[in-house]
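Worksheet: the structure to be examined is printed underneath.
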Amino acid sequence: MTNSRAIVSVLAAGRRAAPLLLGLALLSGCSSHNDEVPTPQAAAAADLTNNLGNGVNLQPSYYNNGNPNFAWSLMKQQTKIKTLRIEIDPSRVGASTAANWISQARSNGYTNLICTYHYYGGSDKASDLMTAANWWKANYRALGGNFTINLCNEWGSHNITPSAYAAAYNSAISTVRQVYSGPIVVDIPGYGQETATAAAAVKGTGGTKINDTNIILSVHVYPNGYNQAKGHNLQSADLDDLGSAGRPCIVGEFGNTPSGSVDWQGVVNHAKSKGWTVLGWAWNGDGLGMNMVSPAWSSNATATSFTLSSYFSTVYNLL
């Protein structure tokens with residue numbers, strides 16, 4: 001989800017703001033058919049997605065200098081929450097602050113963690129993606145390691161070509177591989193909605209191919225989602241298109257705002273029918289009201305008591 005401070009310009013553009021078996025059967029949750037025999041690395045990524053479990057996003061960078069109350073005790077009562085995707089904005093918080101979030105999550109029993117570099121959403125500059133990669137190279141071990149890297153939140157616009165997307169990710173992934181050998185979550189372009197572009201980048205049909213097979217493709221699902229390459233609003237069939245790339249897939253974000261005509265609940269349910277992990281936006285930290293608990297950090301980040309919000313069931317019922 002794009003930081004709420006950047007929402008106006010994105011909405012003006014008419015697109016979504018914001019926000020262990022080796023074999024083809026292991027990948028079937030993401031792809032109905034793929035002639036490429038998966039590598040051991042691709043199988044490892046598929047195994048991770050099979051074992052992550054569904055969960056929620058957290059966006060703590062912007063509140064109380066990155067030190068909000070996470071309401072862990074309330075979260076632990078929601079037993080369908082298995083995986084946490086933690087957004088880190090290095091322009092707002094240092095690695096030591098993010099390391100504290102990760103430590104808190106682990107101490108409260110959450111071991112399935114995806115950590116995301118939350119900046120440069122919608123950018124097509126390869127240098128921006130490389131900045132994220134270099135940040136991971138410099139900070140992965142300082143953050144405590146042993147979590148899944150989501151290289152950069154929503155890098156790549158609706159207009160990026162498959163070849164440019166693949167080339168940028170090849171360089172960035174190569175840098176991250178200097179410190180991290182696990183599966184890398186790759187947000188597809190167009191704020192997580194250009195499924196055809198991402199699939200072509202993986203297959204190499206657009207020219208340059210994403211070489212690393214140990215990746216997980218992540219789509220983001222909101223009511224105003226738009227698939228420009230297909231010329232239509234995001235729909236369930238687009239997930240099948242993404243899955244045709246033969247890589248494991250997840251729904252890295254989903255929620256009910258901003259308004260639009262996408263059957264976003266139907267798309268999320270289709271993803272679940274394919275065996276994909278789905279991660280709701282957001283436990284707390286959203287600036288548009290998509291917070292599963294009350295108070296929102298935007299109004300009181302240091303509250304000592306939290307309750308489930310009216311939005312909670314919107315996400316939780318889909319986990």
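Calculate one ³J(HN,Hα) per residue across the range 209-225 by plugging θ = phi - 60° into the Karplus curve 6.51 cos²θ - 1.76 cosθ + 1.60, and present them in order as whole Hz with x for glycine and proline.
Rounded to whole hertz, the list is 10, 5, 7, 6, 8, 8, 10, 10, 7, 10, 9, 10, 10, 9, x, 9, x.
Taking 25 Å as the cut-off for C-alpha to C-alpha distance, list the pairs among LYS203/LYS230; LYS137/LYS209; LYS209/LYS272 that go past it.
LYS209/LYS272
Restricting to DSSP H runs of at least four residues, report the calculated mean residue ellipticity at 222 nm for the chain, -39500 (n - 2.57) per run over all residues, nearest 500 deg cm²/dmol.
Details: 13 runs with 110 residues, N = 319.
The helix contribution divided over the chain gives -9500 deg cm²/dmol.
Of all alpha-carbon pairs in the range 177-319, indicate the percentage at a distance above 19 angstrom.
Within the range 177-319, distances greater than 19 Å cover 54 percent of Cα pairs.
Once amide H atoms are built 1.01 Å from N in the peptide plane, which residues 5 or more positions from LEU151, or in another chain, come under 5 Å H to H?
It is VAL185, ASP187, by chain and number.
What is the dipole size for the range 128-205, taken about its Cα centre, with +1 at each Lys and Arg Cβ and -1 at each Asp and Glu Cβ, in debye to the nearest 20?
On the way: 4 positive and 4 negative charges, 66 e Å.
Computed about the Cα centre, the dipole is about 320 debye.
Arranged by the count of other C-beta atoms within 10 angstrom, fewest first, what order do MET290, MET130 take?
MET130, MET290
Please report, in debye to the nearest 20, how large the charge dipole of the chain is about its Cα centre when each Lys and Arg carries +1 at its beta carbon and each Asp and Glu carries -1 there. Spell out each step's value before the answer.
On the way: 19 positive and 17 negative charges, 111 e Å.
The calculation lands at about 540 debye.
Can you sort TRP135, TRP276 so the residue with the fewest Cβ neighbours within 10 Å comes first?
Fewest-to-most Cβ neighbours within 10 Å comes out as TRP135, TRP276.
Which whole-Hz ³J(HN,Hα) couplings does the range 117-131 yield from phi under the Karplus relation 6.51 cos²θ - 1.76 cosθ + 1.60, θ = phi - 60°, glycine and proline marked x?
7, 9, 6, 6, x, x, 6, 10, 7, 4, 5, 5, 5, 5, 4
Taking one equal scatterer on every alpha-carbon of the chain, how large is log10 of I(q)/I(0) by Debye at q = 0.13 1/Å?
-0.86
Amide H neighbours of SER61 under 5 Å, counting only residues 5+ apart in sequence or on other chains, H built in-plane at 1.01 Å?
Result for SER61 returns ASP89.
Report P(r) for the range 42-119: all Cα-Cα distances, bin width 10 Å, range 0 to the bin holding the largest distance, values in whole percent.
Bins of 10 Å from zero give 17, 50, 28, 5, 0 percent of pairs.
In whole Hz and in residue order, list the ³J(HN,Hα) couplings for the range 132-148 that follow from phi through the Karplus curve 6.51 cos²θ - 1.76 cosθ + 1.60, θ = phi - 60°; x for Gly and Pro.
4, 4, 5, 5, 4, 4, 7, 10, 3, 5, 5, 7, x, x, 6, 9, 8
Read-outs: derived from the displayed coordinates by stated rules, not from any lab. The structure displayed is predicted, hence computed values, not measured ones. Don't worry about glycine lacking a Cβ; one is built from the backbone with ideal geometry, like all the others, and counts go over all protein chains shown.
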